[in-house]
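The structure under discussion appears below in the form of structure tokens.
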Ligand code: FES
């Protein structure tokens, strides 16, 4: 059975002085994503993850399996992440042959993009 669409939230706390997703409010972001997915009955899981290896870009959130990757996430970005998760779920559940939604997103957009 394929993995259900899941929003992965890095909640790692790194040693003092090092940038981490936890240090940028990732646990509160995860709690709010859990609340919103339940209230909206999206059928999308929210799970913690221990480091994507992109700590300087935290807070980092990824839609799995194989979905969009969000960086510099704040509370204001959560509606866009939920929209992307729903779009990814719709794509994954559709018959083969459809065009996938965008897979890489940086919030805010990278300079020059
Ligand atoms: S601490 Fe979140 S990506 Fe490393």
Give all pairs with beta carbons closer than 7 Å in which a residue from the range 12-26 that is in contact (Cβ under 8 Å) with a residue 40 or more places away in the chain meets a residue that is in a loop (DSSP other than H, G, I, E, B) and exposed (fewer than 14 other Cβ atoms within 10 Å of the Cβ); count only pairs at least 6 apart in sequence or on separate chains.
12/50
Mind checking whether some residue in the range 69-76 is at pLDDT 95 or above, more than 16 Å from the ligand (Cβ to nearest atom) and either in contact with a helix residue (DSSP H, G or I) (Cβ under 9 Å, 6 or more places away or on another chain) or more than 24 Å from residue 39 (Cα to Cα) (or both)?
yes
Checked the range 84-97 for anything without any contact (Cβ under 8 Å) to a residue 24 or more places away in the chain and within 13 Å of residue 43 (Cα to Cα); matches are 87, 90, 93
When every residue in the range 7-39 that is surrounded by 13 or more Cβ atoms within 10 Å (Cβ to Cβ) and in a loop (DSSP other than H, G, I, E, B) is compared, the one farthest from the ligand (Cβ to nearest atom) is 25
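The values are calculated or read from the model by the stated rules, or taken from the named source; none is laboratory data. The shown structure was predicted, so the numbers you read here are calculated from the model rather than taken from an experiment. For neighbour counting, all protein chains shown are included, and Cβ atoms are generated from backbone atoms with ideal geometry for every residue, glycine included.
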